[in-house]
Every structure is written in structure tokens, then in C-alpha cells.
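*Asks:* Before anything else, here's the structure in question.
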Amino acid sequence: MAENIIVLKGQSQYNVLRIAADYMIESFKKRGYNVIEFDLTTDGALTEFIDTATKITCSLIFSFQALLFDVLLSDSKTALLNQLNIPVFGHIVDHPIYHNLRLSQVNGDNIYLGCIDQSHVDYVHKYYTNIKNVTYLPHGGFNASTITPYQERSIDLFFPCSYSEPDEIMNKINALPEVYQNMCIIFIKKMLDDPTQNLQDTLYQYLDNINFIYEDEDFTQIMEIVKVVDQYIRAYTRDKCIRYLLDNGITVTVSGNGWPKFKSAHINNLNILESNGMAFGDVLNVMGKSKMVLNHIATHQNGTHERIFTSMMCGAVCLTLDFPSVHTEFIDSKNIILFSDNNLKLFTDRIKDLLSYPTKAEEIAKKGTLIAAQSHSWLNNVDKILEIIKN
């Protein structure tokens with residue numbers, strides 16, 4: 001009889017993580033497991049999950065974003081998942097500070113956490129010592145249902161991402177107490193000057209420089225306040241990059257919330273597919289007919305994002321920021337295109353070169369596809385998770 005695995009599903013912007021959960025379900029099944037799925041957005045699902053998990057023999061409970069890590073038993077301060085005596089693996093796709101409550105509640109050897117950035121792993125090790133099993137686990141990549149041959153692709157450059165106005169986020173910073181406003185401005189300048197700097201390391205350095213004596217709890221409380229810097233860096237650098245490309249004659253196709261707010265003298269070079277965002281399956285099919293796909297997340301210096309692997313699996317050339325973590329598997333100009341926000345002229349010239357020499361671009365795309373398909377499918381992730389649990 002097949003062993004049981006439970007997969008929990010929750011809410012997700014554009015349904016990305018719900019679709020990822022479907023990929024994981026199919027991958028667990030390919031490995032011979034019987035998968036029981038609970039959609040926690042539906043009424044009664046939590047009660048049904050508890051009833052099932054306490055009655056059956058189960059090898060693993062899996063979820064994205066560490067679902068139910070914060071649920072406590074009604075008559076105690078004990079986390080529900082600790083009481084089940086079942087291995088539980090949560091795969092978070094943001095910095096741990098965004099999951100502070102969930103990560104603070106669980107405490108047991110049966111709890112496992114996967115992070116998409118090594119600095120996130122380090123942060124959990126230091127500030128969530130209640131979670132003993134933490135590992136670096138990148139996203140898997142998704143496949144388009146329709147793949148257009150490269151030479152027949154109609155979209156030059158696709159950027160599937162929401163847009164936030166930097167000034168709106170700066171308003172949040174200006175609403176903070178003055179001491180934190182000043183800290184945020186210092187951090188922003190430092191992180192823009194050195195794109196390899198992440199927020200937690202910038203805060204460490206700042207507190208050391210002012211000889212501030214603090215406990216671990218003080219650090220996480222400050223991180224909670226200044227995490228808006230992370231949001232500003234992402235918004236500002238994306239705005240800067242897209243604006244530069246448009247101003248220099250590159251047509252950029254986008255999908256995601258917020259783009260109608262984008263203002264530019266060269267707005268005609270911006271092609272907005274859907275002003276309120278697209279269903280993720282549709283986004284994948286657009287990737288499948290795009291020559292290049294841009295991945296721009298300036299705050300993942302020590303990790304990767306599914307958009308890198310997904311763009312490759314969809315047959316496009318992946319354009320992504322040049323961080324050390326990418327170099328472990330990929331070679332610039334051979335199977336990926338790396339760039340810096342501090343040299344957007346060179347980046348623009350390289351895009352124009354790829355558009356002028358499509359055979360060269362196709363070769364880069366094909367080599368990227370081979371690596372992503374071989375090493376970054378969701379089945380690969382299932383195998384890694386099962387190995388971690390068994391060892």
C-alpha cells in the first residue's frame with residue numbers, strides 16, 4: 001500500500017503557489033505516494049485536515065509558505081503541527097521576517113523549512129532556533145502548455161511582475177519615527193551603491209558601526225520595522241531598469257498589477273497585457289512565445305527565483321541580475337544573460353545584440369533549458385525533500 005503524503009494549499013498572488021502545489025502533488029505521485037490535498041481557503045478544511053492527520057499514517061505534510069505553522073492547540077501554547085508526530089516541510093518564498101509569527105510558534109524535530117536564499121537560511125538559524133532543520137531549496141520551474149519555436153516568437157522581452165511606485169513606498173518610510181526614517185535612508189543608499197548587500201547584513205553593519213548593543217530579539221524587531229527598505233529597493237530598481245530600457249528603444253511587454261500607474265515619456269514602448277494581472281497559466285504561455293524573459297529581484301543576492309528556471313523551461317533567454325548564487329550553475333552569455341542595475345547601458349546593448357542575432361539568442365535559450373529541465377523541476381525538489389526527511 002502506498003504511503004500517504006498531505007499537501008496543504010493556501011492563497012497565493014496570481015495562484016502561483018497553488019499551481020506549484022499542484023506540481024508537487026503530481027511529483028509526489030510519480031514517486032509512488034498517495035497524496036491527500038487540503039485547500040485551506042475552503043470552509044471546514046482545517047478541521048478535516050486535523051481529523052485526517054490524527055487518524056492515518058502519514059509520511060509527510062508539505063506546504064508552501066509554512067501553512068499552519070502558527071496554529072496552536074486550543075488548550076495550550078503547543079503548536080498543532082508539533083503534536084502530530086509527522087514530518088512537516090514548509091517551503092517559504094520570502095524573507096523569514098515576513099513569516100515571523102508562523103516561524104515563531106513551532107518547535108520540534110519534526111519541523112523542516114526550505115528557503116530560496118542562503119541568507120534566509122542563515123537568518124532562520126540565528127533567530128529562529130526553535131526550527132532545527134533548515135535548508136536552501138530553490139523554486140522549481142514551470143512549463144508552458146504551448147511552446148513556440150524560437151525563430152517564430154513574437155514578443156521580444158517579457159517582464160511578468162507587478163509594479164509598485166517607489167514614491168508610494170517612500171511615503172511609508174517617511175511615516176516612520178524619525179530615527180527609523182534616517183536608518184532606512186542610510187540603508188537604501190548603501191544597498192543601491194553595493195547591490196550585493198542584503199538588508200540583514202546592512203543592519204548588522206550599521207548597528208556595529210554605532211556601537212549599539214542589542215539582543216537577538218532587538219534585531220528582529222528592528223528588521224520588522226525596516227523591512228520596508230526591501231520593498232523600496234525592489235520597486236526602485238525595477239522602475240529604473242524598465243524606464244531605461246523604454247527610453248532606449250526596447251519594447252517591454254509586462255503583466256501584473258500596478259503597471260497602468262507607470263509614467264514614461266516613452267510609454268509607447270511599454271506593452272501592458274493585462275492591467276490587473278494575468279492568470280499564471282496565461283503568463284506561462286506568454287513566456288512560451290517570448291524571446292527573452294526578465295527576472296528582476298534586487299533582494300535575492302544569495303538565491304534564485306522560479307522565474308529564472310521557468311523562463312528557461314519555456315524556451316526563452318533568461319535575463320537576470322548578476323549575483324554570485326547564479327554563477328554556481330550558469331555561465332553568462334552561454335546559457336543565461338547576467339546584468340547589473342549599475343550598468344544598464346551595457347545591458348541594453350546586449351538585448352539589442354540578441355534581437356539582432358536570433359540564432360545566437362536561440363542557442364543561449366536552448367542551453368538554459370537543458371540545465372533548468374534537468375536540475376530544477378518540481379520533481380527534483382520532491383526528491384530533495386524526501387531525501388532530507390529520510391536522513
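*Asks:* Taking the Cβ-Cβ separation of SER162 and THR41 as r and a Förster radius of 30 Å, what is the calculated FRET efficiency to the nearest 0.05? Intermediate values should be presented prior to the final figure.
*Replies:* Working: r = 21 Å, r/R0 = 0.69.
That pair, SER162 with THR41, gives E of 0.90.
*Asks:* Pick the calculated Kirkwood radius over Cα pairs in Å for this structure from (i) 23.0; (ii) 22.3; (iii) 23.8?
*Replies:* Computed from these coordinates, Kirkwood radius over Cα pairs in Å corresponds to label (ii).
*Asks:* Could you give the length gained by full extension between LYS334 and LYS126, i.e. 0.36 nm per residue of separation minus their alpha carbon distance, to one decimal place?
*Replies:* Values: separation 208, 0.36 × 208 = 74.88 nm, distance 3.73 nm.
Stretched out fully, the LYS334 to LYS126 stretch lengthens by 71.1 nm.
*Asks:* Grab the DSSP H runs of the chain that are 4 residues or longer, score each as -39,500 (n - 2.57), total them, divide by all residues and round the 222 nm result to the nearest 500 deg cm²/dmol. Let's see the in-between values first.
*Replies:* Values: 15 runs with 171 residues, N = 391.
So the calculated ellipticity at 222 nm is -13500 deg cm²/dmol.
*Asks:* What is the spin-label model distance, in nm, from TYR98 to THR57 if the labels are put 7 Å beyond Cα along the C-beta direction?
*Replies:* In this crude label model, TYR98 to THR57 measures out at 3.9 nm.
*Asks:* Place a +1 charge on the Cβ of each Lys and Arg in the range 137-272 and a -1 charge on the Cβ of each Asp and Glu, then give the dipole magnitude about the Cα centre in debye, rounded to the nearest 20.
*Replies:* Details: 11 positive and 18 negative charges, 153 e Å.
Roughly 740 debye, rounded to the nearest 20.
*Asks:* Using alpha carbon centroids, what distance separates the range 295-323 and the range 3-32, in Å?
*Replies:* If we compute the Cα centre of each part, the gap is 22 Å.
*Asks:* Please give the charge dipole size of the chain, origin at the Cα centre, charges +1 on K and R Cβ atoms and -1 on D and E Cβ atoms. Round to the nearest 20 debye. Display every interim value, and only then the final one.
*Replies:* Working: 33 positive and 45 negative charges, 210 e Å.
Dipole about the Cα centre, nearest 20: 1000 debye.
*Asks:* Beyond 18 Å, what share of the Cα-Cα pairs of the range 167-228 is found? Please give it as a whole percent. Write out the running numbers ahead of the final one.
*Replies:* Values: 624 of 1891 pairs.
The calculated P(r) of the range 167-228 puts 33 percent of pairs beyond 18 Å.
*Asks:* Given the pairs LYS190/LYS345; LYS9/LYS289; LYS240/LYS352; LYS30/LYS390, which are separated by over 24 angstrom at their Cα positions?
*Replies:* Numbers: LYS190/LYS345 22 Å; LYS9/LYS289 30 Å; LYS240/LYS352 18 Å; LYS30/LYS390 18 Å.
Result: LYS9/LYS289 exceed 24 Å.
*Asks:* Going by C-beta contacts inside 10 Å, put PHE262, PHE158 in order with the fewest on the left. The partial results should precede the final answer.
*Replies:* On the way: PHE262 17, PHE158 27.
So the ranking, lowest neighbour count to highest, is PHE262, PHE158.
*Asks:* Among ARG307, ARG243, ARG102, ARG31, which comes first, then next, by fewest other beta-carbon atoms within 10 Å? Kindly include the intermediate steps, with their values, before the conclusion.
*Replies:* Working: ARG307 24, ARG243 18, ARG102 21, ARG31 14.
With the fewest neighbours first, ARG307, ARG243, ARG102, ARG31 line up as ARG31, ARG243, ARG102, ARG307.
*Asks:* What is the order of SER311, SER340, fewest Cβ neighbours within 10 Å to most?
*Replies:* Numbers: SER311 32, SER340 12.
Listed from fewest to most nearby Cβ atoms, that is SER340, SER311.
Read-outs: derived from the displayed coordinates by stated rules, not from any lab. Since the structure is predicted, the reported quantities are computational estimates derived from the model, not experimental observations. A quick note on method: Cβ atoms are made from the backbone with ideal geometry, for glycine too, and the neighbour counts reach across all protein chains shown.
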